[in-house]
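The values are calculated or read from the model by the stated rules, or taken from the named source; none is laboratory data. Everything numeric in this text was worked out from a predicted model, so none of it was measured. No Cβ is skipped: glycine too gets one built from the backbone with ideal geometry, and neighbour counts run over all protein chains shown. Areas reflect the complete protein model, heavy atoms only, side chains present, ligands, DNA and RNA absent. Shrake-Rupley method; radii C 1.70, N 1.55, O 1.52, S 1.80 Å.
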Amino acid sequence: MRDHYEALPPQTANHVPLSPLSFLERTAALFPNRLAVVYNERRYTWSDVLGRVRRIASSLKQRGIGLGDTVSVMAANTPELFELHYAVPLTGAVLNTINTRLEPETVAYILEHSDAKLVIADTAFSGVISQAFAINGKALPVINIADPDGPGGELIGDEVFEDLVERGDPAFPWQGPADEWQALALNYTSGTSGRPKGVVYHHRGAYLMAMGTPIAWELPRHPVYLYSVPMFHCNGWCHAWTMTLMAGTIICIRQVTGAAVFDLIAKHQVTHLGGAPIVLSMLVNTPQENRKPLPGPVKIMTAGAPPPAAVLAATKALGFEVMQVYGLTETYGHVAQCLWREEWDDLSSDEQAELQSWQGVGFPMTESVDVVDRETGEPVPWDGETQGEIVIRGNTVMKGYYKNRDATDEAFSGGHFKSGDAAVRHENGYVQIRDRLKDVIISGGENISSVEVEGVLHRHPDVVLAAVVALPDEKWGEVPCAFVELKEGSQETEDSLIAFCRENMAGFKRPKKIIFTELPKTATGKIQKFVLRQEARTLSSETA
């Protein structure tokens, strides 16, 4: 019998590589005249987007971009970045979106490590790109995104983005990957080593992420989505592909402020948006005169540092419906959600907000999200008390770290992806993060390596020893807090050291608080960071 089953191999009629590229072709065919992308006065239908993407891909091919090449992009959330989520992989190349808040040194490292063949950059970031080239001692070809609604900036390339559209072939063939395991995107994330690691996404994972998100978020057809999640972060949680699948309307926003979000929601009848807890705090703290009435239910997906229950409650009071999700760059973004349960309906608002802050259960496309003992690898009891490490298994887990086999093997040891996050599992199976095993601080949705901040502090001639931990913060979720030992007789102050850090790293990474003290150490001289974390939490509660 077995031979008869095995005599039916996959064929072109019944086995097609999964790729999110297929979504655009389908949606443009079904809803060609439906509004797809809005950015200030610019408006594109789905037919327009398909035509522009074909032309852009054609022009990239003419420039020699092809299978396996890395195209690095540093841009704000404008239509160009959305279009590149299709145009770059359509050529077979890999899309590398760079965090627009990074300093030149890290950008230089990413360009070099990623083997970037071409850079596409908004002119607002041309200064950073130029400095990165200088650090690397070589310049790459650059295509400029000259956004008339942006802050301006120098043209450093030989052409502008619209040249790609004008020169490209509108009949460029629409062809997905020959293998769904083919690399689609390369996203860099800071680890505890301080050096970013390149996370490789495949077409299959992006396709399944886009398929699973509408089920988990209960997305209707034709949502109006405000793209407040940076598209450089986990490819904007893969929502560029999800909203295409759902034939939605994407509202681009370059600078996220509370007033701008309320204004765009009212103007475009926005139904959905996403963002880190900082976005929730921003909405809650928007002055009354800058708020606009919500046109109807607006659903928010939030992820990053677990949002404070008080912020969740205040956001709900404004009329927003918030769903807390959990994930990492290595998992394409969200792979777990705090799925609402009917038995919570009659609880108080404070109790509901507390439950909403849990990381919850796996998304439909996630094979498993578990909490295991770090020593034995066995699942911890569902008692809400026993801590373990969150581990994940499924198709929306990265291929691995680019050019880093050791880190890949370590992350996948035990047959699942090890998150580095410590959590408990409650009796209903819901996961709740209790602490971070990694020394990574999540501030406003951005990952900050404590080791990187410590490295900068240690550059200062008066710093003997420095340790950085997360300080709970009402606005940002977490911010870096540095404990520093100075040389005897030093005249350095908190303000002067913070200024030193500002000059040597991206602004969002600098410590927001510095405490001068002797650092607690073990008998072998290792810094006891758990003591410092407790001190930071105590400090936060005293100043709250």
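See the values below:
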| read-out | value |
| --- | --- |
| Percent carbon-and-sulfur accessible area, the chain, ignoring ligands, DNA and RNA, probe 1.4 Å | 50 |
| The chain, helix-only ellipticity at 222 nm - DSSP H runs n ≥ 4, -39,500 (n - 2.57), divided by all residues, nearest 500 | -9500 deg cm²/dmol |
| Percentage relative contact order, the chain, counting C-alpha pairs under 8 Å, at least six apart | 11 |
| Two-site label geometry, ARG434 and TRP382: point separation in nm, points 7 Å out along Cα→Cβ | 1.8 |
| HIS15/GLU494 FRET efficiency (R0 45 Å; Cβ-Cβ; nearest 0.05) | 0.15 |
| Given charges at beta-carbon only (K, R positive; D, E negative), |dipole| of the chain in Debye | 1060 |
| Cβ-defined net charge surrounding GLY415, 15 Å radius [Lys, Arg +1; Asp, Glu -1] | -4 |
| Residue-wise HN-Hα coupling along the range 101-117, computed from phi with Karplus coefficients 6.51, -1.76, 1.60 (Hz; x: Gly, Pro) | 9, 7, 8, x, 4, 6, 4, 4, 4, 5, 4, 6, 5, 6, 6, 4, 9 |
| 5 angstrom amide H check on ALA336, placed H, neighbours 5+ away | TYR326, PHE363 |
| For Rg/Rh (Cα atoms, Kirkwood Rh), calculated from these coordinates, the label among [x] 0.96; [y] 1.05; [z] 1.41 | [x] |
| DSSP beta bridge pairing in the chain, given as percent antiparallel to the nearest 5 | 60 |
| Estimated dipole of the range 34-159 in Debye, rounded to 20 [Cβ of Lys and Arg +1, of Asp and Glu -1, Cα centre] | 520 |
| Mean accessible surface per residue for the range 352-487, computed with a 1.4 Å probe while every protein chain stays in place, in Å² | 41 |
| Kirkwood estimate for the range 197-286, i.e. one over the average of 1/r between Cα atoms, Å | 13.9 |
| Neighbourhood net charge (15 Å Cβ-Cβ; Lys/Arg +1, Asp/Glu -1) for TYR201 | 0 |
| Cβ-defined net charge surrounding ARG26, 14 Å radius [Lys, Arg +1; Asp, Glu -1] | +1 |
| In order through the range 383-392: 3J(HN,Hα) via Karplus (6.51 cos²θ - 1.76 cosθ + 1.60), integer Hz, x for Gly, Pro | 10, x, 10, 6, 8, x, 9, 6, 10, 9 |
| The range 1-121: translational diffusion in µm²/s, Stokes-Einstein, Kirkwood Rh over Cα pairs, 20 °C, 1.002 mPa s | 129 |
| Kirkwood hydrodynamic radius of the range 467-538, from inverse mean 1/r over distinct Cα pairs, in Å | 13.1 |
| Size of the range 304-420 as Cα extents on the principal axes (Å, biggest first) | 48, 30, 23 |
| Cross-link pairs LYS403/LYS521; LYS316/LYS529; LYS138/LYS509; LYS475/LYS513 - those with Cα-Cα distance over 25 Å | LYS403/LYS521; LYS316/LYS529; LYS138/LYS509 |
| Residue-by-residue Karplus 3J(HN,Hα) for the range 402-407, coefficients 6.51, -1.76, 1.60, Hz, glycine and proline x | 4, 6, 8, 5, 4, 5 |
| 1.4 Å probe accessible area per residue over the range 177-329, in Å² | 31 |
| Distant-in-sequence amide H partners of LEU471 (H built 1.01 Å from N, under 5 Å) | VAL479, CYS481 |
| Residues of the range 47-121: accessible area per residue with a 1.4 Å probe, Å² | 23 |
